[in-house]
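Colleague: Just dropping this structure here.
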Amino acid sequence: MVTVPPTPLFTTVIVVFAVVFGILWTAVNFYHLYPYVQYFLVARLFGADSDPYTRLPEGHEFVSPPTFDVLLPAYEEGNVIHQAISSIRSADYPQHRIRINVLVEPEDADTRDALATLAEEYRFDEVPIPSEYEEVVVPEKYPGMPNKPRALNFGFDSTDGDIVGVIDAEDIVDPDLFSTVAYALVDQGNDYVQGKLDMVNEYDGWKNLVFRAEYAFWFRLLVPSFHFVGYPVPLGGTTNFFRRETLERASDLRLEQYGTPWSDRQQAWLSRNGFPGSVPWDPRNVTEDFELGILLWKEGFDMTLIDVVTREESPLTANAWIRQRTRWQKGKLYTFLQYLEHPPASLRGRFHGLFQSFLPHLAPINIVGIVVLTMVAASLGYGVPLAVQVVLVLGVVFLVEMFVLHATGYWLVTERRGITRFVRSILIATTVAFYWLLLWGAELRAMKQLTATNYTGKRPHTTVATSPNRATEPCRYPPVRGSESDPESGAGVARSYCDVARRPTHAERSTPRRPRGGHRRRSRRGVPPDRARRVRRRDRTHAQRRRRRRGTGVDPRRRRHLPRERPRERRLRRGPAPHESYTFAT
């Protein structure tokens, strides 16, 4: 192989680009490393109070409990909406002080049908509250593209509670959530709080396992260390609560700094219908929680973390995961561009706002740049200078540090014990780099779709897993409407759904699938003989399937998910199927 000697210009380009990429990658890791060192080492060595969490004192009683308005945005969440409502209504807090506002779109028949079913099934007559929840339909003409921040803004204008909280439709909240929030905001005088989040379905595959480790790294290690040293803490999409006056002030600040997002015609519609047009959440930003956290920190509002955990479920498919991450990355890029256009007044606010909004995008760019430049130099027989070697070694050290932190986060949250816990932690540490490859793919999609303001990238949700043992976990699927299964014994239809090996897709649970054939008699005139034979054979098959469904007490739309019975068991249970004939028109 002939080695081409590098030219002086090529040498200079390699050194400059490698050093620049290396410095950026090192800066990202030092930005992370400084809070860790302060939070986990310095504070403990010198005896400082290093606990950033607010905890509810044992036996604490409220003289006058504040009123909560829980904003629960939902879109095509009919299969999981019961989880959030049931867990909130099971909270250890005066229920007449909690108002659940389910924010739905007018065309969302899936969620609205599920809410109608819940209104019939769940009764809390012993609690003196007007209703279990209120279905708040966002008007179609309400300004803005249909998305989560638009729904939250409308919900904020439609409520008047002392404390406003955001809970996702698939969440299962901690029983002490509302008591802890009330103690942190009212008794301690904080302006807003953020709880812990945990993705509990690590048993659905490698991607979900690493997702749980990533969330554990973020909410158990990164967020508390950021809060401890005074960094801005980007809020999660759920389990954050605010004083009402805090959000009102945030809306005023947003309008002052960025201007109104509404046109004159939209402003006129708001005024005509009696809406103030508050925008505590940016209706144009699909990561409204991330941007709101930085805005509140920049303006000096007091925040605390609460030691309560909300359980969620990570996306089950790679496509849903990519869509979700595309939305997150695009929203952070939008925030970065917004800070470039409207930089904060203080140097500290400008630095943290720009750095945090661009932080998720620096790591892949730097690593790829270093690797590509090193490979090009090596292929041309060019020896890497000492300065570049130092930068590359530093980058590798920080890379190993990130591997260890992700594995440590998983170690802290998993219910597994013993050898399984150890093996999964090692698996995470050795394979998280491949997980980042998927993240970089979402990064490229986000850059491409940044101009598509109507793209939401929303992923479908399924029922949250609650136990590592699939054989003993509660049923994932709600009972069929009109079923008479006993919820105490678990007998009947509700239990049979849990015996299904294959999890039905979101579309299958939301919309009944119409059979392709056999559902009506049709004329065979003009059909070729071979085609007619295939149609008759298909119709006979569908007729047999319909006969099998009779007498089972199961909704035919759900029957396809149940295990198939053997013919002998079916005959013993129901007897022989009745004869049925078809007459075809000629």
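Colleague: Give the Rg (one decimal place) followed by the Dmax (whole number) of the stretch 205-350, computed from C-alpha coordinates and expressed in Å.
Modeller: 17.2, 52
Colleague: Continuing with this model, one more query. Just check the stretch 77-215 against the gyration tensor rule for me: Cα atoms, a ≥ b ≥ c as the square roots of the eigenvalues, rounded for a/c under 1.5, and otherwise prolate or oblate depending on whether a/b exceeds b/c.
Modeller: It comes out rounded by the Cα gyration axes.
Colleague: Place the peptides 432-445, 77-90 in order of packing, highest mean first, counting for every residue the other Cβ atoms within 10 Å and averaging per peptide.
Modeller: Result, highest mean first: 77-90, 432-445.
Colleague: Say the dipole of the stretch 88-208 comes from +1 at the beta carbon of Lys and Arg and -1 at that of Asp and Glu; which of Pro175, Ser90, Met145 then lies farthest toward its positive end?
Modeller: The listed residue farthest towards the positive side: Met145.
Colleague: A further question on this structure: Hey, with R₀ at 56 Å, roughly what FRET efficiency would Gln38 and Thr317 work out to, going by the Cβ-Cβ distance, to 0.05?
Modeller: 0.90
Colleague: Under a plain spin-label model, where a point goes 7 Å from the Cα along Cα-to-Cβ, how far apart in nm are Val137 and Asp160?
Modeller: Each label point lies 7 Å from its Cα, and together they span 2.4 nm.
Colleague: Kirkwood hydrodynamic radius, the stretch 245-317, all distinct C-alpha pairs: what's the number in Å?
Modeller: 14.6 Å
Colleague: Still on this structure: Relative to the present Cα-Cα distance, how much length would full extension add between Phe403 and Glu256 at 0.36 nm per residue of separation?
Modeller: Full extension of this stretch gives 48.7 nm more.
Colleague: Arrange the peptides 147-159, 236-248 so that the one whose residues have, on average, the most other Cβ atoms within 10 Å appears first.
Modeller: Ranked from most to least packed, the peptides come out as 147-159, 236-248.
Colleague: Right, next: If R₀ is 45 angstrom, what is the calculated FRET efficiency for the pair Glu248 and Phe17, using the beta carbon separation as r and rounding to 0.05?
Modeller: About 0.40, to the nearest 0.05.
Colleague: Could you tell me the largest-minus-smallest coordinate of the C-alpha atoms of the stretch 146-207 on each of the three principal axes, in descending order and whole angstroms?
Modeller: 42, 33, 17
No value in this document is a laboratory result; all are computed from the given coordinates. Computed from a predicted structure; not experimentally measured. For neighbour counting, all protein chains shown are included, and Cβ atoms are generated from backbone atoms with ideal geometry for every residue, glycine included.
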